[in-house]
Every structure is written in C-alpha cells, then in structure tokens.
Amino acid sequence: MDILKLIAIIFGATGFWKLAEILVRIRTDKKLKKAETSNLYAQANSQIVENWVVWSQKLEKRVDDLEGNNTEMRLTITKQRIRIGELEKHVDRLEKRNKELTDKLELL
C-alpha cells in the first residue's frame, strides 16, 4: 500500500504541475493575443494618420494650385475689362463719327 500511496502522490504532484503549467500557458497566450491586438490597433491608427497627412498635403497643394490659377484668371478678367472699356470708347467715337457723316449726307 505504501507503493500505491507513493505512486498516487507522484501522479498527483505531476498532475498538479501539469495543471499549473497549463494555467500559466493559457494566461501567457491571453497576454500575447492582447499584445498582438494592441499592436494591430496601433499599426492601423498609424496608417490612418499617415493616410490623412498625405491626403491633407495633396489637398493643400491642390488649393495652392487653384489659388494661383484664380490669380491668373483675375488678372485676365482685369485686362479684358480694360480692353472692353477701350472698345466701348472706340465704338462711341465711331457712332459719333457715323452720325456726323450721316448728318452731312442728309444735308447734301
């Protein structure tokens, strides 16, 4: 019977240590999975921020290009307004001259 008790104690101690090892392994696996999940979240957030920075830089460049284009368009419009004013004055002079010539022709 002493041998049976000794065998029972050995199997009991071995089972206890196996159980402790399994519990430690489960806890370690949980911590590892949690760390991997946190790492994935950090990578995803980093990628989102990086994408946002790239997008905002492209948007700023596009706005700058459009503002430059807008300045050129304003300059063109200003030149056209000046030219229109000159042409209106020329038309007024031609209309006056035409009226003068028409009046002279009627007198003849």
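The values are calculated or read from the model by the stated rules, or taken from the named source; none is laboratory data. Since the model is a prediction, treat every value here as computed from it, not as a measurement. Methodologically, a virtual Cβ is constructed for each residue, glycine included, from the backbone with ideal geometry; neighbour enumeration extends over all protein chains shown.
Do any residues in the range 14-38 that are basic (Lys, Arg) have Cβ atoms under 8 Å from those of residues that are not in a helix (DSSP H, G or I), where the two are at least six apart or on different chains, and which pairs are they?
Within 8 Å, no pair qualifies.
Might you check whether a residue that is more than 17 Å from the chain's Cα centre (by Cα), hydroxyl-bearing (Ser, Thr, Tyr) and either modelled with pLDDT under 75 or surrounded by 10 or more Cβ atoms within 10 Å (Cβ to Cβ) (or both) occurs anywhere in the range 42-58?
To start, the set of residues in the range 42-58 that are more than 17 Å from the chain's Cα centre (by Cα) comprises 42-43.
Subsequent filtering for residues that are hydroxyl-bearing (Ser, Thr, Tyr) retains none.
No; the residues of the range 42-58 include none that is more than 17 Å from the chain's Cα centre (by Cα), hydroxyl-bearing (Ser, Thr, Tyr) and either modelled with pLDDT under 75 or surrounded by 10 or more Cβ atoms within 10 Å (Cβ to Cβ) (or both).
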